[in-house]
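The values are calculated or read from the model by the stated rules, or taken from the named source; none is laboratory data. The model shown is predicted, which means the values in this text are computed figures rather than measured ones. For neighbour counting, all protein chains shown are included, and Cβ atoms are generated from backbone atoms with ideal geometry for every residue, glycine included.
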Amino acid sequence: MPKERLEDYLSDHNNVYSTTVRTLLLLFDQKSTAAKTKPRSRPSSAEPHQPEIINHTRRYDSNRKEAEFYRQKWEECKNKATDASRRRDATGGGEAAKHREDAQRFYGLWQQAQDQAANTLFKKNNERFQGTADANYFDFHGLHRDEAVKKLKELLPEVTAQGYYSHIFIITGQGKHSKGNKAKIRKAVEIYLSQHDYKFNSHRDNPGLLKVFLRKK
């Protein structure tokens, strides 16, 4: 707005141009100063959330130790129950029943810890195959014989139902780290496959690698 028109407008409203200008400049200066001195929000120094890194080896060792503890407790309670039954004490068999109950509870905890250890180890062994051209390879290294058979029973129908492969490869190892250098896992796996009519053969250069055909004989 031109100065002359603004002066006329202000005079009509009993205001003085120079006073109004000073007032407006003062207000503008206060707002400008406030904007300059307004504290900025402090940037977050927190690091972006990192996914938890699971130490499979530590967890596996912990599960195995826990399993061994419960196995010993199961054995201990089972022996106490047997001794109490032989004594036929005055409790009318109550002591033996209590020990049998404890033995059953520890047996369940033992098996649970064993399953957790096997699952942890199996996951650790096979992470390297996920999302690769070798996704039909499954490493059973380190599993106990019964764990290997249990995992195989779960694995075969699951992979067959997915329909991606006509065959899979099972890495059992050659038993070089087993007592007596015997391929215990491979033997247990071969027995299960034969009993359930799965066709399989060993790799010509690696007897610890089995090729298993998902379509039964």
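Quick notes on this structure:
- The lone criterion from (1) under 26 Å from the mean Cα position of the chain (by Cα); (2) surrounded by fewer than 16 Cβ atoms within 10 Å (Cβ to Cβ) left unmet by ARG204 is number (1).
- Residue within segment 87-96 that is in contact with a helix residue (DSSP H, G or I) (Cβ under 7 Å, 6 or more places away or on another chain), acidic (Asp, Glu) and in a strand (DSSP E or B) present: no
- Just one of the listed residues (ASP102, ASP115) is under 24 Å from PHE140 (Cβ atoms) and surrounded by 14 or more Cβ atoms within 10 Å (Cβ to Cβ), and it is ASP115.
- Applying the criterion of being hydroxyl-bearing (Ser, Thr, Tyr) and part of a helix (DSSP H, G or I) to the residues of segment 101-153, the residue that is farthest from ILE191 (Cα to Cα) is TYR107.
Yes/no matrix, rows are residues, columns are (1) β-branched (Val, Ile, Thr); (2) modelled with pLDDT of 95 or more; (3) crowded, with 16+ Cβ neighbours inside 10 Å:
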| site | (1), (2), (3) |
| --- | --- |
| ASN126 | no, no, yes |
| GLN130 | no, no, no |
| ALA135 | no, no, no |
| VAL149 | yes, yes, yes |
| GLN162 | no, no, no |
| TYR165 | no, no, no |
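- Qualifying residues in segment 65-94 (those that are modelled with pLDDT of 90 or more and among the small types (Gly, Ala, Ser)) - the one farthest from TYR107 (Cα to Cα): ALA81
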